[in-house]
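Data block below; observations after.
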């Protein structure tokens with residue numbers, strides 16, 4: 001059982017090492033709105049990212065009553081913060097967008 005959980009954390013979308021200049025990844029969404037992509041990203045992809053990147057701080061904000069546009073915020077050590085809008089997109093697309101700006105092959109954007 002435990003080996004299956006660890007294997008799931010080591011494989012699949014999000015099971016990669018991120019750039020060394022990624023400092024913090026934050027996910028914010030409302031429970032009241034249509035945020036299924038953000039909820040599934042939290043459940044499916046974020047654990048893999050956290051497991052494979054223990055040096056990065058991860059933060060989740062779930063708002064109960066106030067409508068909130070879901071987004072992922074990526075903070076870097078020496079680059080401007082980048083935001084990924086998560087409204088009405090699937091968790092896999094959220095993760096792919098995140099990986100496109102945080103993996104070693106990605107070019108830093110100014």
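Of all residues in the range 34-50, those that are surrounded by fewer than 16 Cβ atoms within 10 Å (Cβ to Cβ) and modelled with pLDDT under 90 total 2. Quick check: anything in the range 3-11 buried (at least 17 other Cβ atoms within 10 Å of the Cβ) and touching a helix residue (DSSP H, G or I) at 6+ places or on another chain (Cβ under 9 Å)? Within the range 3-11, none of the residues are buried (at least 17 other Cβ atoms within 10 Å of the Cβ) and touching a helix residue (DSSP H, G or I) at 6+ places or on another chain (Cβ under 9 Å). Against the test of being surrounded by fewer than 17 Cβ atoms within 10 Å (Cβ to Cβ), under 16 Å from residue 41 (Cα atoms) and out of contact with any helix residue (DSSP H, G or I) (no Cβ under 9 Å at 6 or more places or on another chain), the options 64, 88, 83 yield a single qualifying residue, 83. Within the range 4-33, the set of residues being outside any helix (DSSP H, G or I) and modelled with pLDDT under 85 comprises 11, 12, 13, 14, 15, 31, 32, 33. Would you check if residue 55 is within 13 Å of residue 21 (Cβ to Cβ) and either assigned to a loop (DSSP other than H, G, I, E, B) or touching a helix residue (DSSP H, G or I) at 6+ places or on another chain (Cβ under 9 Å) (or both)? Here the answer is yes, as residue 55 does meet what is asked.
Would you pick out the residues in the range 67-80 that are within 15 Å of residue 34 (Cβ to Cβ), surrounded by 15 or more Cβ atoms within 10 Å (Cβ to Cβ) and more than 13 Å from the chain's Cα centre (by Cα)? Answer for the range 67-80, where residues must be within 15 Å of residue 34 (Cβ to Cβ), surrounded by 15 or more Cβ atoms within 10 Å (Cβ to Cβ) and more than 13 Å from the chain's Cα centre (by Cα): just 68.
The values are calculated or read from the model by the stated rules, or taken from the named source; none is laboratory data. No experiment lies behind these values; they were computed from the predicted model shown. Heads up, the Cβs are rebuilt from the backbone with ideal geometry, glycines too, and the neighbour counts pull from every protein chain shown.
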